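Before any comments, here is the structure.
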Amino acid sequence: MLISQKSQYALRAIFELARHVGQGPLRAPQIAEAQAIPPKFLGAILHQLRRGGFVESRRGNEGGYLLAVPPRELTVGRVLRFMEGPVGPVDCLTPNAKRRCPLDGGCVFMPLWQRVQDAVNGIYDGTTLQDLLDQDRQNAARQAPSFEI
């Protein structure tokens, strides 16, 4: 399953807000520039994230967007399921499958699909925004120039 570009932008926007927790609101153009998100899509994405309770908005000269959930409590899986719906390799695993499999109950592939879904969900649900922030800091530290002689 491929994650939509919209969901990738949503995760990147939330990540940018997480990077600035405690530093005040960020304006949409700042988020768009920092995360290479087309500004025309970002407004709609931020609105959707606000409705989902992930983001708060503030009006006025000092306004902008803030992360509404602490980075340690917000998982990638939670955001993806909000943006995409159920995340899985096949429709048969979704609770509200639109079509029933004619092999239901006897499909040899079902255990495979279930293991794939469990593995993917384990990674998404086991990765918080704080984990990503920590990884970002490690990456920055590795890329920082060394002035040792």
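The values are calculated or read from the model by the stated rules, or taken from the named source; none is laboratory data. Since we're looking at a predicted model, the values are computed, not measured. When we count neighbours, we look across all protein chains shown, and the Cβ atoms used for this are built from the backbone with ideal geometry, even at glycine.
Answer yes if at least one residue in the stretch 8-27 is in contact (Cβ under 8 Å) with a residue 40 or more places away in the chain, under 30 Å from L112 (Cβ atoms), out of contact with any Lys or Arg (no Cβ under 6 Å at 6 or more places or on another chain) and surrounded by 17 or more Cβ atoms within 10 Å (Cβ to Cβ), and no otherwise. Yes, some residue in the stretch 8-27 is in contact (Cβ under 8 Å) with a residue 40 or more places away in the chain, under 30 Å from L112 (Cβ atoms), out of contact with any Lys or Arg (no Cβ under 6 Å at 6 or more places or on another chain) and surrounded by 17 or more Cβ atoms within 10 Å (Cβ to Cβ).
Among the residues that make up the stretch 82-103, is at least one of them hydrophobic (A, V, I, L, M, F, W, C), at pLDDT 95 or above and within 18 Å of I3 (Cβ to Cβ)?
Yes, the stretch 82-103 has at least one match.
So for the stretch 67-80 (the condition being free of Cβ contacts under 8 Å to residues at least 40 places away in the same chain, over 20 Å from D136 (Cα atoms) and surrounded by 14 or more Cβ atoms within 10 Å (Cβ to Cβ)), does at least one residue qualify? The answer is yes; a qualifying residue exists. Taking R59 as the residue in question, decide whether it is on the phi < 0 side of the Ramachandran plot, surrounded by fewer than 17 Cβ atoms within 10 Å (Cβ to Cβ) and in contact (Cβ under 8 Å) with a residue 24 or more places away in the chain. So R59 fails the test.
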